[in-house]
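Asks: This is the structure, below, for whatever I ask next.
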Amino acid sequence: MTERVPAPAPETITRNRVMADFPIRPRDSHKGMFGTVAVLGGASGTVGAPLLAARAALKLGAGSVHVGLLAENAPVVDAVQPELMLHSATDLFRHRPLPNPLPQAGEGGKVKSNFNHDVLAIGCGLGTSIEARGLLHEALVSDVALVIDADALNLLARQPDLRVLLHNRMQATVLTPHPGEAARLLGCESREIQSDRIAAVRQLAQKFSCSAVLKGADSLCITRDGKLFVNQTGNPGMSSAGMGDVLTGMIAAFIAQGMTADNAMLLAVHLHGAAGDALAGQGIATGMTASDVTESARLLLNQWLGN
């Protein structure tokens, strides 16, 4: 009988590791050099989720950020962050506030996108309506990098055809499930995910051919080529609504600025937890909000950069 070789332990994410290839801004830089992020979500009652993600993307360095909202009577401006460009979800895909529509069928029926964003974050407050499903389908056949969170993950769990599109994508894709979402994607119970988190995150990457972060205490990250990392920043004070939305926006921001999806994921996860730790160190543990973490992450990133 062949002796089973134990799988290697995950590598611990460190500040030096995640900052090694962070892009340096030249003196003559402009917003077009730092990418555009689109955030798609915000069904009725959950408009705050994509706004949290979009604010995080902007404050962590994306050159510009567009938000597509599904809710009827959605706001047309974010009074807290007026730099964000708000659209209906349909307009985000099809009309001309953005330079090019998404997508068009090309030769042989192959979908070719001219979507002029560097990265699309989809799922924050998206809901699971027929309209939401259609938007996720369009995102999956696009030629842009994707960060997939929340309700977009739940739609994937329900729809085998969407899972096939995800598996077949050539472009960079990052999944960001918590244990419950991971369980739905893998067809099991949350307790099974938590009993062997390493096996679960490996299965996510293999099943969907993408990068993934399995959120929670000691979040696990796996790259598209199967390298496993564990993050040891973060604290219980971060157990509040909107934290995952902020993380989604941070990952998108770093991809937009030119990092690979894998490195953007590792930096965002580590910085997100470290920002929470900085707040806890200031005595803000109970009552910490996702918006607090965005502000803390921006300050901490600039400190790490020596700005």
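The values are calculated or read from the model by the stated rules, or taken from the named source; none is laboratory data. In this text the structure is predicted, and so the values were computed from the model without any measurement. Glycine also receives a Cβ, built like all others from the backbone with ideal geometry; neighbour counts cover every protein chain displayed.
Asks: Let me confirm something: among SER296, SER209, which residue is modelled with pLDDT of 95 or more, within 19 Å of the chain's Cα centre (by Cα) and at positive phi?
Replies: So the residue among SER296, SER209 that is modelled with pLDDT of 95 or more, within 19 Å of the chain's Cα centre (by Cα) and at positive phi is SER209.
Asks: Of the conditions (1) of a type outside the set (Ser, Thr, Tyr); (2) under 17 Å from ALA56 (Cα atoms); (3) surrounded by fewer than 18 Cβ atoms within 10 Å (Cβ to Cβ), LYS207 clears all except one; give me its number.
Replies: Just one mismatch for LYS207, condition (2).
Asks: Being closer than 20 Å to VAL67 by Cα and aliphatic (A, V, I, L, M), is that true of even one residue in the stretch 234-244?
Replies: Yes, the conditions are met somewhere in the stretch 234-244.
Asks: Looking at GLN171, GLN203, which is the one that is over 22 Å from PRO8 (Cβ atoms) and either in contact with a Ser or Thr (Cβ under 9 Å, 6 or more places away or on another chain) or free of Cβ contacts under 8 Å to residues at least 40 places away in the same chain (or both)?
Replies: From the options GLN171, GLN203, the qualifying one is GLN171.
For (1) under 24 Å from MET250 (Cα atoms); (2) at pLDDT 95 or above; (3) part of a helix (DSSP H, G or I); (4) over 14 Å from the mean Cα position of the chain (by Cα), each residue gets a yes or a no:
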| residue | (1), (2), (3), (4) |
| --- | --- |
| THR128 | yes, yes, no, yes |
| LEU135 | yes, yes, yes, yes |
| ALA152 | yes, yes, yes, no |
| LEU155 | yes, yes, yes, yes |
| ASP161 | no, yes, yes, yes |
| ALA182 | yes, yes, yes, yes |
| ARG191 | no, yes, yes, yes |
| ALA200 | yes, yes, yes, yes |
